[in-house]
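Comments concern the structure below.
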């Protein structure tokens, strides 16, 4: 028994913010931002959009691609670090209701930018046990938790959502995964707030995202390489034999460094960061959907999905792509 992805979907807000727009309020420039990150523009959620609403749009597109009705879904899993509510209800419950998945359970996963990898593997296990489809979503509204005066972070992040439908299969394709963590790196990417007491014994108030960029950069390069090599070894293949690598779109220079370390052509990595920025848990499923709908991802291709994030969390999946049905649709066509 096993599982496969049968449909994908994504949603990016209509509003885009260019490097020049950011440079108008910060000591930076389009040239500096692009040379350090590979980013030109990013999508920013509007006042009528949230993590839950974008998740629902991406999920609706994925269900349509898979040819499923909402009532067919057995579980909704949402990976996010920017839920609509600080603690509860879960964003997944809001999506379950918005889509009408009345026969489904729902829960969130918080593994930061590696969240979609974690959620996908959790869903696979549930699908193999229950034989009922799961809707897996990675979504973020990071624009609402960054400090727009901090050049080191605000230039990186964007908003969006990506989704995949996972279904049971009697003849599954290759699917191997690894999920890992290194809690010693927890201080590298932090957002204060929650129930942890401060010096006065009271919970610390919510604060913007803070990141130690150099530490994250060094960790990310090693993590992405290690995950990709270990997955290929487990599958009895070599990185050079992969058709495409969908790495977390955190920073274009990180992916370039990984390609050099692995002696792989940059063209082996799917890249959309120039127009999306870092969308955290949405990064990989958005790229996957764009590649599937754009024709860059075809049946039978051997691919790796790999990501890293706060925690520190990291992991990946190697699979023979089973294909996602459904025609290309501009996600703005479904805007409210």
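The values are calculated or read from the model by the stated rules, or taken from the named source; none is laboratory data. Keep in mind that this is a model prediction, so the values were computed, not measured. Glycine also receives a Cβ, built like all others from the backbone with ideal geometry; neighbour counts cover every protein chain displayed.
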Worksheet entry | Residue in the range 103-113 that is touching a strand residue (DSSP E or B) at 6+ places or on another chain (Cβ under 9 Å), assigned to a helix (DSSP H, G or I) and either free of Cβ contacts under 8 Å to residues at least 12 places away in the same chain or surrounded by fewer than 19 Cβ atoms within 10 Å (Cβ to Cβ) (or both) present | no
Discussion item. Could you check the range 122-131 and list, in sequence order, the residues that are touching a strand residue (DSSP E or B) at 6+ places or on another chain (Cβ under 8 Å) and closer than 11 Å to residue 3 by Cβ?
Written reply: 123, 124, 126, 127, 128, 130, 131
Worksheet item: What are the residue pairs meeting all of these: first residue in the range 85-100, first residue on the phi > 0 side of the Ramachandran plot, second residue surrounded by 14 or more Cβ atoms within 10 Å (Cβ to Cβ) and at pLDDT 95 or above, Cβ atoms under 7 Å, and 6 or more apart or on different chains?
Response: 100/70
Practice prompt. Scan the range 215-231 for residues that are closer than 22 Å to residue 319 by Cα, in contact with a strand residue (DSSP E or B) (Cβ under 7 Å, 6 or more places away or on another chain) and either surrounded by 18 or more Cβ atoms within 10 Å (Cβ to Cβ) or without any contact (Cβ under 8 Å) to a residue 12 or more places away in the chain (or both) and jot them down.
Written response: 220, 223, 224, 227, 228, 231
Item to complete: Go through (1) surrounded by fewer than 24 Cβ atoms within 10 Å (Cβ to Cβ); (2) within 20 Å of residue 7 (Cα to Cα) one by one and return the number of the condition residue 92 breaks.
Response: (1)
Fill in: Residue that is surrounded by the most Cβ atoms within 10 Å (Cβ to Cβ) [pool: residues in the range 264-323 that are within 16 Å of the chain's Cα centre (by Cα) and assigned to a loop (DSSP other than H, G, I, E, B)]
279
Discussion item. Checking the conditions here, which among 144, 151, 196 is free of Cβ contacts under 8 Å to residues at least 60 places away in the same chain and either more than 30 Å from residue 5 (Cα to Cα) or not assigned by TED's automatic domain parsing to the domain that holds residue 48 (or both)?
Written reply: 196
Response to the item:
Residues of the range 246-263 being assigned to a helix (DSSP H, G or I) and under 18 Å from residue 213 (Cα atoms), in sequence order, are 252, 253, 254, 255, 256, 257, 258
Worksheet entry | All positions within the range 117-137 that are farther than 17 Å from residue 66 by Cβ and crowded, with 24+ Cβ neighbours inside 10 Å | 117, 118
